[in-house]
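I have placed the structure first, in the form of structure tokens, so that the comments after it can refer back to it.
The values are calculated or read from the model by the stated rules, or taken from the named source; none is laboratory data. Everything numeric in this text was worked out from a predicted model, so none of it was measured. With ideal geometry, Cβ positions are generated from the backbone for all residues, glycine too; neighbour counts draw on all protein chains shown. Heads up: the accessible areas ignore ligands, DNA and RNA and are worked out on the full protein's heavy atoms, side chains in. Shrake-Rupley method; radii C 1.70, N 1.55, O 1.52, S 1.80 Å.
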2 protein chains.
Amino acid sequence: MTFSKFFPVWNQLSGPQKDMLISSAVKRNVKKGTVLHNGSADCAGLILVDSGQLRAFILSDEGKEITIYRLFEMDICLFSASCMMNSIQFDIVLEAEKDSQVYIIPADIYKDLMESSAALANYTSQIMASRFSDVMWLIEQIMWKSFDKRLASFLIEESAIEDSFSLKLTHEKIANHLGSAREVVSRMLKYFQSEGLVTVTRGEIHILDEKGLRNISDK
Amino acid sequence: MTFSKFFPVWNQLSGPQKDMLISSAVKRNVKKGTVLHNGSADCAGLILVDSGQLRAFILSDEGKEITIYRLFEMDICLFSASCMMNSIQFDIVLEAEKDSQVYIIPADIYKDLMESSAALANYTSQIMASRFSDVMWLIEQIMWKSFDKRLASFLIEESAIEDSFSLKLTHEKIANHLGSAREVVSRMLKYFQSEGLVTVTRGEIHILDEKGLRNISDK
């Protein structure tokens, strides 16, 4: 059990606090497609992703979905423990997108620990701020979706030019091409990667799904 | 100086912690239209609204705006202190929508206090969770904006039936009319109120801007 990998503040916790986290955690293996959490009425607890991939989405009354964020190995989901904070007033669904192994920490235990450890409370705020950033980015995409189109078009064009699906391009270089910022390019590529459109490695972008990129570019 | 009204956890802070908050706070009177914070490069500090009204919005490259939330008396803005948390990776603009009086607490001082007080750190998480809920609600509106139309139409219709701009209707009753939940109605009415379309008092809704409601209903 290597909880320290989930919590950078592990060494700031006391022995009993560490024991409490470890002993309360329940390990669960879930198959792809399993719903781990469904709306705010459900309070499964804090979910730590040991392996696999989870998807958090919201659901309209008519059954439409929007992916809010994805969780990969070492990520933590707070909103599956929404009863921990009464200010969390929205419903997400959390589903395993691949076979996954997770640890679940009961919300009441985590809440007690946050109340006794400022370090853990502050780390929890950082996690929330990080999800908040994902969601703000999503709003910008929804409202002003222009950059995803531009980047998708650019990748298709470069691929045609090089006659290859492997593009040796730094994010900086793409940013310069598109008159954008390196951070914006990196973020969008990360998103394309999470959608299975490309893989991004150091100095190289590999196109996995050209048709998917075309769909974005043409929409 | 009544800081306890901003911080429900005031009594859980030590004497020196309270002194630190009070002595570091800078009072500022701002005129309507003043920009108090502009993007993440700017780190004005934590802003406490003593009176007036602030608007937080994001801005596209093309200058388009979306209001993310509004802040009223006794509200606190964290994101104007984004340098406090490196996980905050988005830019908001904060503007005074009315003449306002605010207190500004330097980000570094607040950060130190959060690190020494679990109570303050947890309260800060609650504030963030509350803004997160606002933003999630906004995404739902943007993606599936149907309920705002339905509620606006309903209010116009009721007003015509009663031949009055004052409607004696509980939120529960409206929810039953529209096949929705009371909470959803209350939230949307709160939003209509913040937009200056209606005023909501116990058991009564007063229409201030019928044209505005029609614009929503017809869009």
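Quick notes on this one:
- Subset of segment A:125-172 [at pLDDT 85 or above, within 14 Å of B:Ile58 (Cβ to Cβ) and of a type in the set (S, T, N, Q)]: A:Ser133
- Of the listed requirements (1) without any contact (Cβ under 8 Å) to a residue 40 or more places away in the chain; (2) crowded, with 18+ Cβ neighbours inside 10 Å, A:Ala25 misses just one: (1).
- In segment B:162-191, the qualifying residues are those that are in contact (Cβ under 8 Å) with a residue 24 or more places away in the chain and of a type in the set (Val, Ile, Thr), and the one that is least open to solvent (accessible area, probe 1.4 Å) is B:Val185.
- In segment B:122-138, the residues that are facing chain A (nearest Cβ under 7 Å) reach residues that are open to solvent by 10 Å² or more (accessible area, probe 1.4 Å) and acidic (Asp, Glu) with C-beta atoms within less than 9 angstrom, at least six apart or across chains, in these pairs: B:Asn122/A:Glu115; B:Met136/A:Asp91.
- Enumeration of residues in segment A:6-30 that are among the basic types (Lys, Arg) and within 25 Å of the chain's Cα centre (by Cα): A:Lys27, A:Arg28
- Matching option when the condition is among the hydroxyl-bearing types (Ser, Thr, Tyr), farther than 17 Å from A:Ile139 by Cα and out of contact with any strand residue (DSSP E or B) (no Cβ under 8 Å at 6 or more places or on another chain), among B:Ser100, B:Ser51, B:Ser82: B:Ser82
- Residue within segment A:90-110 that is open to solvent by less than 20 Å² (accessible area, probe 1.4 Å) and within 9 Å of chain B (Cβ to nearest Cβ) present: yes
- Residue selected from segment A:32-89 under the condition among the acidic types (Asp, Glu) and either within 15 Å of the chain's Cα centre (by Cα) or surrounded by 15 or more Cβ atoms within 10 Å (Cβ to Cβ) (or both), by the criterion farthest from the other protein chains (Cβ to nearest Cβ): A:Asp50
- Total residues in segment B:60-93, condition more than 14 Å from B:Arg131 (Cα to Cα), assigned to a strand (DSSP E or B) and touching a residue at least 40 places away in the same chain (Cβ under 8 Å): 2
- Any hit, segment B:153-161, residues being surrounded by 17 or more Cβ atoms within 10 Å (Cβ to Cβ) and within 14 Å of another protein chain (Cβ to nearest Cβ): no
- Selection status of A:Asp108, touching a residue at least 40 places away in the same chain (Cβ under 8 Å), acidic (Asp, Glu) and part of a helix (DSSP H, G or I): no
Results for (1) within 29 Å of B:Ser116 (Cα to Cα); (2) touching a Cys at 6+ places or on another chain (Cβ under 7 Å), shown as yes or no for each residue.
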residue	(1), (2)
A:Leu94	no, yes
A:Glu97	no, no
A:Val102	no, no
A:Met114	yes, no
A:Tyr123	yes, no
A:Gln126	yes, no
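- Meets criteria (on the phi > 0 side of the Ramachandran plot and free of Cβ contacts under 8 Å to residues at least 60 places away in the same chain) for A:Gly203: yes
- Any chance B:Pro8 is in a loop (DSSP other than H, G, I, E, B), farther than 21 Å from A:Gln126 by Cα and at pLDDT 90 or above: yes
- Within segment B:11-22, the only residue that satisfies the criterion of being open to solvent by less than 20 Å² (accessible area, probe 1.4 Å) and assigned to a loop (DSSP other than H, G, I, E, B) is B:Leu13.
- Subset of segment B:69-89 [at pLDDT 85 or above and among the hydrophobic types (A, V, I, L, M, F, W, C)]: B:Leu71, B:Phe72, B:Met74, B:Ile76, B:Cys77, B:Leu78, B:Phe79, B:Ala81, B:Cys83, B:Met84
- Test for A:Ser194: is it open to solvent by 10 Å² or more (accessible area, probe 1.4 Å), more than 8 Å from every other protein chain (Cβ to nearest Cβ) and more than 30 Å from B:Leu138 (Cβ to Cβ): no
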